[in-house]
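Here is the structure we will look at, set down as structure tokens.
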Amino acid sequence: SGESGAGKTESTKLLLQHIMNLCKGNSQLEQQILQVNPLLEAFGNAQTVMNDNSSRFGKYIQLRFQKNTVQGAKLSEYLLEKSRVVQQDTGERNFHIFYYMFAGLSSEEKEMYGLLDPSLYRYISGRFGTQDVAQRWKHKYQEVCNALDMVGFQEQEQVDMQAILAGVLSLGNVTFEPEESNGSVKVREASRGWLKAAAVKVDVLSQLVCCVPCSPWSPSVSRCCSLSADARDSIAKMVYGRVFGWIVCKINELLAENVDPEVELSEIGILDIFGFENFAVNRFEQLCINLANEQLQHFFNHHIFQLEQAAYKEEELPWETITFSNNEPILNLLLAKPLGLLSLLDEQSAFPQATDKTFVDKLNSSFKGNLHFQPGRGRVLGFSIIHYAGKVQYTAGGFLEKNRDTLPANVRGLFINSITPLLSSLRSCHGVGKWFSLQDIACWALAVLWLAGLLMFLCPRQHSLMVLMERMYSANPHFVRCIKPNSQKEPGVVDSQVVLLQLRYNGLLETIRIRRDGFSWRPSFEEFAER
């Protein structure tokens, strides 16, 4: 764990290499495990203002051993930031793979996929890079291709995957205009070529994105154009999320252990999750990321301070209690039911007439006087949370839409009937931890709602984090706290104030004290007697 840009992903790669080296083997399986990282980084990482190679998802790698030999591996992914596909803030980029494709594909391949000059595409904001950067991306593209081959992706699967990604970029350039004859909306004539390049039936998709039902509370044509654009972006986000989930599925199929089920395997799990974020503009995604970090910080506190001091008390050892910064009140603010922030968000998401403003008004009235919540100031609709790592101001625009994360059934049907085999299969194969749409977990949600007697929407992000935390609490954890040396992304520069701030809010100063004053070696009675 650590801030964005502190070195978590790089440390994970070094740790994996170290473990593979300790196995003293060069088996194909071990090489495939190491090749997984460049593949996941290409599709799941992006440049942000804090980090040029920021993980936009969380991953948990389970390595399974028999007598010090790796027998298999499994990867779980959590909370992919799908919204990045359709929008990036100033100084940020889309997922790496889009830029790698433009730099690495030959002219003939670009023509086959219908790719034009990268400056034309709205989803990558018309930004590409210098010649040196493009050369580096070209090298990265070759690494991705090698990794796809090494892990075991078939050539046609690779072609289909890149065709889908090219189609996503083209879809982003489709725009809409009013239909004068009947007051509805149609695809703008100038962008019909982009619709065709999206590799789907023009008339079918055109009808789908233009027939989004208008809200009875705002039935204007301009509102319908906006809804059509939202439908277009929902399709792009869903497709990219499913491609990423499919890659994880394929990796797990190829790395699964092939041993007798009766054989007991030991396991090492490595969690590499996105770091705490505080940007100039913080949205729904930053709230989810920071919530995950709040939960991991609470887990750290529970394991290092609460359990350890309880053990000393149980053994009746002379011990002066060490106090620590407990972030439980912040978790209650966010997760409590029925009046936590996410529960209120679910409640508002269930009402068609609710808006981001009504949601913020609800927060302001519910959390008045809460020490960890501050109402927004100025004209920007938002609020602030005092997290364990500091105050973060969130912009509330888009919260309800992103929480709903739904896709019309007729749009899903379009992909089921696609002539591209990979695209039609994406519906059934996806990873554990994408931003779940409510339909994906409908059966599970209905059971929970019935048992709890609650008439409210289930928050998918809570489910994904709950699965992750269950795994953490069932393991014997070791913590690697990554410290960011400076805020300028400069090598060889240590800003002592930046470092000290992280040591304080992470609770590492108290951790040093409990390690110094506590008991580092704890043999069982049997071990002690034997010695």
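When segment 159-177 is filtered for residues that are among the hydroxyl-bearing types (S, T, Y) and open to solvent by 10 Å² or more (accessible area, probe 1.4 Å), only T175 remains. What do you reckon, is V85 touching a residue at least 60 places away in the same chain (Cβ under 8 Å), under 24 Å from A134 (Cβ atoms) and within 13 Å of the chain's Cα centre (by Cα)? Considered against the rule, which asks whether it is touching a residue at least 60 places away in the same chain (Cβ under 8 Å), under 24 Å from A134 (Cβ atoms) and within 13 Å of the chain's Cα centre (by Cα), V85 comes out as yes.
Figure legend. Inter-residue proximity from segment 1-26: first residues β-branched (V, I, T), second residues open to solvent by 30 Å² or more (accessible area, probe 1.4 Å), beta-carbon distance below 8 Å, spacing 6+ or different chains. Indicated pairs: T9/N53; I19/I268.
For segment 121-130, does any single residue satisfy the condition of being touching a residue at least 60 places away in the same chain (Cβ under 8 Å) and buried (at least 18 other Cβ atoms within 10 Å of the Cβ)?
Yes, segment 121-130 contains a residue that is touching a residue at least 60 places away in the same chain (Cβ under 8 Å) and buried (at least 18 other Cβ atoms within 10 Å of the Cβ).
Within segment 7-65, restricting attention to residues that are assigned to a helix (DSSP H, G or I) and of a type in the set (S, T, Y), the residue that is surrounded by the most Cβ atoms within 10 Å (Cβ to Cβ) is T9. Residues that are outside any loop (DSSP other than H, G, I, E, B), of a type outside the set (F, W, Y) and open to solvent by 100 Å² or more (accessible area, probe 1.4 Å): does segment 473-495 have at least one? Scanning segment 473-495, I find no residue that is outside any loop (DSSP other than H, G, I, E, B), of a type outside the set (F, W, Y) and open to solvent by 100 Å² or more (accessible area, probe 1.4 Å), so the answer is no.
Just one residue in the set S325, S365 is assigned to a helix (DSSP H, G or I) and either more than 30 Å from Q502 (Cα to Cα) or of a type outside the set (V, I, T) (or both); that residue is S365. Is it the case that G114 is modelled with pLDDT under 95, open to solvent by less than 40 Å² (accessible area, probe 1.4 Å) and farther than 30 Å from N252 by Cα? In short, yes. Listed by first and then second residue, the pairs with beta-carbon distance under 7 Å, at least 6 apart or on different chains, first residue in segment 371-384 and in contact (Cβ under 8 Å) with a residue 24 or more places away in the chain, second of a type in the set (G, A, S) and open to solvent by less than 50 Å² (accessible area, probe 1.4 Å), are L381/A396; L381/G397.
Filtering segment 307-316 to residues that are loosely packed, with under 15 Cβ neighbours inside 10 Å and at pLDDT 90 or above leaves A310, K313, E314, E316.
Please go through segment 318-337 and pick out each residue that is at pLDDT below 95 and open to solvent by 80 Å² or more (accessible area, probe 1.4 Å). Passing the criteria: P318, E320, T321, T323, S325, K337.
Among the residues of segment 66-95, those that are open to solvent by 20 Å² or more (accessible area, probe 1.4 Å) and either closer than 30 Å to M20 by Cα or touching a Cys at 6+ places or on another chain (Cβ under 8 Å) (or both) comprise Q66, K67, N68, T69, Q71, K74. Each residue in segment 122-151 was checked for being out of contact with any Phe, Trp or Tyr (no Cβ under 8 Å at 6 or more places or on another chain) and within 17 Å of N173 (Cα to Cα), and 4 of them qualify.
Restricted to segment 268-290, and to residues that are closer than 30 Å to I33 by Cβ, within 18 Å of the chain's Cα centre (by Cα) and not charged (D, E, K, R), which residue is surrounded by the most Cβ atoms within 10 Å (Cβ to Cβ)? Restricting to residues being closer than 30 Å to I33 by Cβ, within 18 Å of the chain's Cα centre (by Cα) and not charged (D, E, K, R), the top hit is F274. Taking first residues from segment 338-355 that are of a type in the set (S, T, Y) and partners that are not in a helix (DSSP H, G or I), the Cβ contacts under 6 Å between residues at least 6 apart in sequence or on separate chains come to S343/K337; S349/F457. In segment 69-103, of all residues being in a helix (DSSP H, G or I) and among the aliphatic types (A, V, I, L, M), the one that is nearest to S125 (Cα to Cα) corresponds to V85. Just one of (1) over 24 Å from the mean Cα position of the chain (by Cα); (2) assigned to a helix (DSSP H, G or I); (3) crowded, with 19+ Cβ neighbours inside 10 Å trips up A147, so point out which. Here A147 meets the rest and fails (1).
If the condition is being under 21 Å from C288 (Cα atoms) and surrounded by 21 or more Cβ atoms within 10 Å (Cβ to Cβ), then segment 241-267 contributes G241, R242, F244. Can you tell which of V392, V380, V360 is farther than 27 Å from M469 by Cβ and modelled with pLDDT of 90 or more? None of the other options fit; the residue is V360. Residues that are farther than 30 Å from K8 by Cα, of a type in the set (D, E, K, R) and either in a loop (DSSP other than H, G, I, E, B) or in contact with a Leu (Cβ under 6 Å, 6 or more places away or on another chain) (or both): does segment 294-313 have at least one? Scanning segment 294-313, I find no residue that is farther than 30 Å from K8 by Cα, of a type in the set (D, E, K, R) and either in a loop (DSSP other than H, G, I, E, B) or in contact with a Leu (Cβ under 6 Å, 6 or more places away or on another chain) (or both), so the answer is no. Output yes when any residue across segment 195-210 is modelled with pLDDT of 70 or more, among the basic types (K, R) and touching an Asp or Glu at 6+ places or on another chain (Cβ under 8 Å), and no when none is. Among the residues of segment 195-210, not one is modelled with pLDDT of 70 or more, among the basic types (K, R) and touching an Asp or Glu at 6+ places or on another chain (Cβ under 8 Å), which makes the answer no.
The values are calculated or read from the model by the stated rules, or taken from the named source; none is laboratory data. Quick caveat, the model's predicted, so the values are computed rather than measured. With ideal geometry, Cβ positions are generated from the backbone for all residues, glycine too; neighbour counts draw on all protein chains shown. Ligands, DNA and RNA are excluded from the accessible area calculation, which covers all protein heavy atoms including side chains. Shrake-Rupley method; radii C 1.70, N 1.55, O 1.52, S 1.80 Å.
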